[in-house]
Structure formats: C-alpha cells, structure tokens
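Novice: So that we are looking at the same thing, I have put the structure below in structure tokens.
The values are calculated or read from the model by the stated rules, or taken from the named source; none is laboratory data. Note that the structure is a prediction, hence the values are computed from the model and not measured. FYI the Cβ positions are ideal-geometry reconstructions off the backbone, even for glycines, and counts take in every protein chain you see. SASA here: full protein model, heavy atoms, side chains in, ligands and nucleic acids out. Shrake-Rupley method; radii C 1.70, N 1.55, O 1.52, S 1.80 Å.
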Amino acid sequence: VQGGGRSRDLGICFHNFSIRPILPRAPRICKWEKPPEGVIKVNVDASVNANRTGLGIIVRDSDGFILSGKAVFISKVVNSEWAKLDALLKGIRLAQSLNLDKVIFEMDCTCAVSRFCKHKDDITIFGYRIQEAHKILDSFSKFEVKWVDCRCNKVANSLCNWSLSNCCNLSFKMDYPSDIHNLVISKEECYILLSIKLGIFV
C-alpha cells in the first residue's frame, strides 16, 4: 500500500474496522449476585406504563433463597424517578417488617441512588422523602443503597410488569404462587442461557 512507509515513520497505524475479529469476544454476563453471608439483599424497581405504575420488590438471602416479595399496582401515573423512590421506600419498610438486620438495597436508577446518598444537601420534597427513608434505615445495624445494572435487576422488573399486566397487588413469602415461580427462579438463568445461545455480547 502506498504511503505505508510514511505512516510507519510517523508512528500512525491504520486498522480496518470492517473486518470482524477471528475470535469473538466472550459475552459479559450480568446477573444478580448473592450478598455476603448474613446479609439480605432487597432489589426494587418501578415501571410506568400509560396511566398505570407498577412496583416490584424481591428479598433474597445469601444463598439466593426468597424470603419475601411484592408486586404493587398503582392506578395512576407518577414521575419515573418518584416511582423508583416509592419502590425503594416500600422495600425498606418490607425489610423492616421482616426484622432484618443487615441489608443491601439495589435499584437501577442512578439518579435516585445518587440523591439518596446526598440527601443532606437536598431540600426539595424529593429530598424530604429520602430523609424519611433514612430514619427507617436507622433500625438496621448495617445497610447499603446501591445502583445495579438493570440486567441484574430483572426479577424486580418482572414483578413490576406482572402488576401492570394483572392490575393488582401481590405479596408473598417463601410460599409464593406457582405463576411467580418462573419469574423469580428462572429469569436470570434464562437470560444467561439465551445470551450464550444467541451469542449476544453485552
């Protein structure tokens, strides 16, 4: 190729990005991770659809076993960020009702998590609601509110969609109904297998 020597002299490398690599990249699988031993993890999510809002909450222990869960249907539209915060508040109250001690709360809304962590500087109504949540959190000996990728929060999201589809509420513990079984047990596993089978690189 003409000009190749000149390019090498200048330290410039040209690559043909249209050529696919011989070895494909290994898929980066994102899934729900078990909390440390002795810690409970509560995943929450919210979905807004037309004139309805659905909240999803799932509580699991360090072995991945389900302790409790909720699908909440609200027959009105609320701001998405407010809906996520509402889901978190309900998750906190559920954890408190279960007399949990050490809890990790996960959600996939970066804005809500960021504002939650900086609540002392937030003087808005949203910030006031967050301060209310922090008062409840004082009942736990240890807690953490953290962001998680939405692909690691699929069960909570499925519970949101379930409430929107059925237009009703659902609360369950370890004896959850059979129609929730596939949502709770198989959601992450099915996603992983499908990703590998289809060669989805994420």
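Novice: Here is a list of conditions, (1) over 18 Å from Val155 (Cβ atoms); (2) out of contact with any Leu (no Cβ under 9 Å at 6 or more places or on another chain), and Ile66 meets all of them except one; can you say which number that is?
Specialist: All conditions pass for Ile66, except number (1).
Novice: For the range 30-62, enumerate the residues that are among the basic types (Lys, Arg) and not in a strand (DSSP E or B).
Specialist: Within the range 30-62, Lys31, Lys34 meet the criteria.
Novice: Would you check if Ser158 is within 28 Å of Glu37 (Cα to Cα), open to solvent by less than 40 Å² (accessible area, probe 1.4 Å) and of a type in the set (Gly, Ala, Ser)?
Specialist: So Ser158 fits the description; yes.
Novice: Starting from the range 31-52, take each residue that is farther than 29 Å from Ile74 by Cβ and list its partners that are among the small types (Gly, Ala, Ser), counting only C-beta distances under 8 angstrom and pairs at least six apart or across chains.
Specialist: Lys34/Ser62; Lys34/Gly64; Pro36/Ser62; Glu37/Ser62; Gly38/Ser62; Val39/Ser62
Novice: From Glu132, Glu144, which residue is out of contact with any His (no Cβ under 7 Å at 6 or more places or on another chain) and part of a strand (DSSP E or B)?
Specialist: That would be Glu144, the only listed residue that is out of contact with any His (no Cβ under 7 Å at 6 or more places or on another chain) and part of a strand (DSSP E or B).
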